1. What number of residues in segment 92-131 are out of contact with any Asp or Glu (no Cβ under 7 Å at 6 or more places or on another chain) and either of a type in the set (D, E, K, R) or surrounded by fewer than 16 Cβ atoms within 10 Å (Cβ to Cβ) (or both)?
2. Given (1) over 26 Å from VAL165 (Cβ atoms); (2) in contact with a helix residue (DSSP H, G or I) (Cβ under 7 Å, 6 or more places away or on another chain); (3) not in a strand (DSSP E or B), identify the lone condition not met by SER47.
3. Scan segment 155-173 and report the pairs whose first residue is polar (S, T, N, Q) and whose second residue is at pLDDT below 90 and not in a strand (DSSP E or B), with Cβ atoms within less than 7 Å and a gap of 6+ or a chain change.
4. Could you tell me whether GLY116 is touching a His at 6+ places or on another chain (Cβ under 7 Å) and closer than 23 Å to ARG146 by Cβ?
5. Out of segment 60-110, which residues are of a type in the set (Ser, Thr, Tyr), outside any loop (DSSP other than H, G, I, E, B) and either over 18 Å from TYR140 (Cα atoms) or more than 13 Å from the chain's Cα centre (by Cα) (or both)?
6. So is ARG29 modelled with pLDDT of 75 or more, assigned to a loop (DSSP other than H, G, I, E, B) and either loosely packed, with under 12 Cβ neighbours inside 10 Å or among the basic types (Lys, Arg) (or both) or not?
Amino acid sequence: MHTRHRTNPGSAHRSPLGSVDGVTFHLMRHGEEHLIRSVVEASSPASRFQRFHTPVPVVPARLVSALSRVAPGEREIVVALLRGRAVGQAEWTRTEDPYPRAEIAALVADAHQGHGIGRALVARVAERAWGAGLREAVLYVRPENRKVRQALGRRGAITVADTCVLPLRALRPHPVVRWEGAVPRPRTSDGHLCARN
């Protein structure tokens with residue numbers, strides 16, 4: 001007789017990403033889609049809209065599958081766990097358009113917002129992207145999300161419309177907020193420089 005043991009991502013397989021006020025951080029692996037589903041389902045329609053820039057009234061399986069895709073060195077996901085339950089997630093994805101940089105996004109369940117979980121998640125994925133050789137981050141933040149845009153601005157972000165570009169090291173733990181050399185201007189999706197405000 002064989003007994004199946006369920007793995008709790010918050011225990012034996014916890015990644016060495018540290019903890020903050022009882023929240024542990026787990027580097028997601030293939031087959032852990034339930035962690036993403038838990039975070040998205042625990043988030044309000046307003047939070048989902050801020051994250052996905054489109055209404056997401058229901059959580060389709062294809063969305064969870066796409067959000068759960070991991071590829072070491074190209075796309076990684078860190079999940080925040082509180083007492084073994086996923087309460088937030090952040091990801092970085094290598095993008096080459098218009099040049100190599102890390103696209104970063106995060107979502108924290110509404111009941112756990114405002115406690116530094118999002119900031120800690122972003123710091124951890126920024127550290128992972130830095131380790132993969134990237135040096136610049138891009139985040140897409142809606143204009144009405146003033147709190148996040150102001151926080152990024154304090155770290156040196158240049159913002160045009162919903163695109164925030166900043167040195168990746170500014171998001172890492174203990175950031176040094178300073179561009180090396182000239183401050184790069186954001187580019188449009190076709191690679192042209194954006195007009196200055």
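1. Residues meeting the conditions: 14.
2. The failed condition is (1).
3. Cβ pairs passing all conditions: THR163/PRO186.
4. Details: touching a His at 6+ places or on another chain (Cβ under 7 Å): no; closer than 23 Å to ARG146 by Cβ: yes.
The answer is no for GLY116.
5. Residues of segment 60-110 that are of a type in the set (Ser, Thr, Tyr), as a first pass: 65, 68, 93, 95, 99.
Then keep just the ones that are outside any loop (DSSP other than H, G, I, E, B); that gives 65, 93, 95.
Residues satisfying the conditions are SER65, THR95.
6. Values: modelled with pLDDT of 75 or more: yes; assigned to a loop (DSSP other than H, G, I, E, B): yes; either loosely packed, with under 12 Cβ neighbours inside 10 Å or among the basic types (Lys, Arg) (or both): yes.
For ARG29, the condition - modelled with pLDDT of 75 or more, assigned to a loop (DSSP other than H, G, I, E, B) and either loosely packed, with under 12 Cβ neighbours inside 10 Å or among the basic types (Lys, Arg) (or both) - is met.
The values are calculated or read from the model by the stated rules, or taken from the named source; none is laboratory data. What you see is a predicted model; the values in this text were computed from it and never measured. Ideal geometry is used to build each Cβ from the backbone, glycine not excepted, and the neighbour counts take in all protein chains shown.
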